[in-house]
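All remarks here apply to the structure that follows.
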2 protein chains.
Amino acid sequence: MSTGVKHITSECNGALNAIRDTLYVLSGKWKIQVIVLLRDGPMRFNELQRSLVDITPKVLSKELRELEMNEFVERKVFNTVPVTVSYEITPYAATLNPIIDSLREWGTQHRARIIEHMKQDGKQPA
Amino acid sequence: MSTGVKHITSECNGALNAIRDTLYVLSGKWKIQVIVLLRDGPMRFNELQRSLVDITPKVLSKELRELEMNEFVERKVFNTVPVTVSYEITPYAATLNPIIDSLREWGTQHRARIIEHMKQDGKQPA
DNA sequence: GATACTGCTATCCTTTGGGATAGTAATATC
DNA sequence: GATATTACTATCCCAAAGGATAGCAGTATC
């Protein structure tokens, strides 16, 4: 108790660990974006690739595999010719909705706030 | 309308953009952790460094500068000897609480779920 | 005069994320 | 037989994130 670290209680550390866990499974530039897209319905590989404009197949493939491992996405192969593969979100992915919604809401108000700031700066030149 | 991209409406794109904005300002391994720590009260530089066990001063310094730029953290210098510097969160940082709370809650239930899965796997060996 | 404390900065190096390009199997179409 | 399609994989490469180590200014203490 002599280190100056006073309020790092177990409660605070538990929160930090839980947050780290969440950020770990959602890591990377694309996972949340894929989930948001799939919330509107299943999509095929090339469809996802076209929607996520700058993603390369290698990266998309890796993200989808990781999403599958975490039970956020289910991969379904159809025996058509040529083969088609469909990706859809699982019910478990819906548990991420509070996170996704809070991220979206905050981003929306943050952008509005920045635009407001810019307007005011414009009105008051040096 | 001939690309197979059907449900990428403006609403979906707006959501993606807002989410990208949020992830951008919270990017990196440490920013959310710093904010969580500071929610319990102001801390000094070395105090933060000791709490975030593996952070180096260079990285902590960079994170704090970026948090300051986004008005999440206020830096206060005290003319003591040797000089002390205190970091505290701003009211604007409190707007991140829904995000932080949803991340914490999800991480908590996810960990519980994984432990539950491991128990069940243990009960049913091949 | 050596050491310790604060709050950093500077330099170097490694790891990771992720982009670019090309190629594959199987079939269908021109 | 060349080309297109789907859903990828393989290889290479680059930039950014972030870790390791050292140092600095100013004062106080031993």
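The values are calculated or read from the model by the stated rules, or taken from the named source; none is laboratory data. Everything quoted here is computed from the prediction, not taken from an experiment. Every residue, glycine among them, receives a Cβ derived from its backbone with ideal geometry; neighbour counts consider all protein chains shown. Only protein heavy atoms, including side chains, enter the accessible area calculation; ligands, DNA and RNA are left aside. Shrake-Rupley method; radii C 1.70, N 1.55, O 1.52, S 1.80 Å.
Over 20 Å between Cα atoms: which of A:Lys62/B:Lys31; A:Lys58/B:Lys29; A:Lys119/B:Lys31; B:Lys29/B:Lys58; B:Lys31/B:Lys58; A:Lys62/B:Lys58 fall into that group?
A:Lys62/B:Lys31; A:Lys58/B:Lys29; A:Lys119/B:Lys31; A:Lys62/B:Lys58, as the Cα separations exceed 20 Å there.
Given contacts defined as C-alpha pairs under 8 Å and at least six residues apart, what's the relative contact order of chain B, whole-number percent?
Taking the mean separation of contacting Cα pairs over the length of chain B, I get 21 percent.
Find the chain A residue whose Cβ sits closest to the rotation axis that carries A onto B, and give that distance in whole Å.
Residue plus distance in Å, as requested: A:Ser102, 2.
Could you check the simple spin-label distance between A:Asn17 and A:Val83, using points 7 Å along Cα→Cβ, in nm with one decimal?
4.1 nm
Quick one: Karplus J couplings for segment A:42-49, per residue in order, coefficients 6.51, -1.76, 1.60, θ = phi - 60°, nearest Hz, x for Gly and Pro?
Per-residue couplings from phi come out as x, 9, 8, 4, 5, 5, 4, 4 Hz.
A:Val53 label points, 7 Å along Cα→Cβ, one per copy: pairwise distances from this copy to the rest in nm, shortest first?
4.3
Run down the lysines and flag those whose C-alpha is under 29 Å from the C-alpha of A:Lys123, throwing out any fewer than 8 positions away in its chain.
The reachable lysines, counting only those whose Cα sits under 29 Å from A:Lys123, number zero.
Could you give each residue of segment B:14-31 its phi-based ³J(HN,Hα) in whole Hz, using Karplus coefficients 6.51, -1.76, 1.60 with θ = phi - 60°, and x for Gly or Pro?
x, 4, 4, 5, 4, 5, 4, 4, 5, 5, 5, 6, 9, 5, x, 7, 10, 4
Shortest first and in nm with one decimal, please list how far the A:Asn13 label point sits from its counterparts in the other copies (point 7 Å along Cα→Cβ).
4.8
Which order, highest average first, do B:71-81, A:30-40 follow once you tally other Cβ atoms within 10 Å for each residue and take the mean per peptide?
A:30-40, B:71-81
Defining the label point at 7 Å along Cα→Cβ, can you sort the distances from B:Pro98 to the same site in each other copy, shortest first, in nm?
Its label point is 1.3 nm from the equivalent points in the other copies.
Give me the percent of the accessible area of the protein assembly as shown that comes from carbon and sulfur atoms, probe 1.4 Å, all protein chains in place.
55 percent
Of B:Ile89, B:Ile115, B:Leu52, which is farthest towards the positive pole of segment B:1-120's charge dipole, taken about the Cα centre with +1 and -1 on the beta-carbons of Lys, Arg and Asp, Glu respectively?
B:Ile115
Taking a probe of 1.4 Å, how large is the accessible area per residue of the protein assembly as shown, in Å²?
Each residue of the protein assembly as shown exposes 61 Å² on average to a 1.4 Å probe.
Using amide H atoms built in the peptide plane, which far-off residues or other-chain residues are under 5 Å from A:Glu71 H to H?
The list, which skips near neighbours in sequence, is empty: none.
Select from A:Glu68, A:Glu105, A:Glu47 the residue whose mean-square fluctuation is largest in a Gaussian network model of chain A (Cα-Cα springs shorter than 10 Å).
A:Glu105
To the nearest 100 Å², how much accessible surface do chains B and A hide from each other in total, with a 1.4 Å probe?
Looking at B and A, the buried total is near 4200 Å².
Check B:Leu52: other-chain or 5+ apart residues with amide H under 5 Å from its amide H, H built from backbone geometry?
For B:Leu52, whose amide H was placed from the backbone, there are no distant partners under 5 Å.
What is the distance, in nm, between label points placed 7 Å from the Cα along the Cα-to-Cβ direction at A:Tyr24 and at B:Thr56?
Distance between label points: 2.3 nm.
If each residue of separation counts as 0.36 nm, what is the full-extension length gain between A:Arg75 and A:Phe45 once their alpha-carbon separation is subtracted?
9.8 nm
Please average, across the residues of B:29-39, the number of beta carbons from any other chain that are within 10 Å of each residue's own beta carbon, and give a whole number.
Across the residues of B:29-39, the mean count of other-chain Cβ atoms within 10 Å is 3.
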